[in-house]
Structures are given as structure tokens and as C-alpha cells.
Amino acid sequence: MKRSKIIEIIIDNICYDPSAYNPKWRWNAFSKNIKAEYQKILPILKYWEEKNYISIINDDEYIFMLFPENLPARDVLLLESLSYENKSNNR
């Protein structure tokens with residue numbers, strides 16, 4: 001699966017899912033593809049961590065802790081993430 005599609009899936013989940021009020025996100029909240037492709041999406045997750053949107057946990061149970069109060073709107077987050085991805089691909 002393309003990294004941009006995986007990122008879009010994660011964004012859709014964290015921006016629309018009521019469990020966003022629970023800040024710790026479990027691996028099982030996402031499809032198995034997310035865990036299998038973790039290394040592929042790690043640069044974006046680190047970028048989000050720099051922006052203080054999340055704190056990466058990455059243990060057997062949790063992927064990250066979400067700070068919903070710091071998140072921009074879904075469309076802004078998606079555009080920002082895809083722009084970052086394009087910049088990192090051009091390096």
C-alpha cells in the first residue's frame with residue numbers, strides 16, 4: 001500500500017473517530033497494513049511528533065498518543081502530511 005494512502009487512513013481515523021477522545025491509540029484500531037508498513041510511515045509519524053500532534057509509543061499494544069487539541073483540521077493535516085512526504089521523497 002502506498003504511504004500516502006496509509007497516512008490518509010490514519011488521518012481519517014483520528015479526525016473522525018470518537019475514540020480520538022481516548023488519547024492512546026492501539027494498533028488494533030487500524031488495519032493490519034498499518035503495523036506491517038510502520039517503517040514506511042515512521043517519517044510522517046515523527047513529523048507529527050515534532051508538531052506535537054502525537055507522541056510515538058510503538059510498543060506491542062499502542063502506536064501513539066494523540067493530542068487532539070493540537071491537531072489542525074483534517075484537510076490541513078492531510079495536505080501538510082503529503083507535502084512533507086513529497087519533500088522527504090525529493091531529498
Problem set entry | Computed Rg/Rh of the chain, alpha carbon atoms with Kirkwood Rh | 0.92
For this session: Report, by chain and number, residues whose modeled amide H sits under 5 Å from the one on residue 58, excluding near sequence neighbours (fewer than 5 apart, same chain).
Result: 63, 64
Problem set entry | Value of [θ]222 nm, deg cm²/dmol, for the chain, DSSP H segments ≥ 4, -39500 (n - 2.57) each, nearest 500 | -16500 deg cm²/dmol
For this session: Take the chain, connect every pair of alpha-carbon atoms lying under 10 Å apart with a spring to form a Gaussian network, then pick out the residue of 55, 81, 31 with the largest mean-square fluctuation.
Result: 31
For this session: Can you tell me the dipole magnitude for the chain around its Cα centre, using point charges on the Cβ only (Lys, Arg +1; Asp, Glu -1), in Debye to the nearest 20?
Result: 360
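Bear in mind these aren't lab numbers, they're just calculated from the coordinates by the rules spelled out. Since the structure is predicted, the reported quantities are computational estimates derived from the model, not experimental observations. Cβ atoms come from the backbone with ideal geometry, glycine included; neighbour counts cover every protein chain shown.
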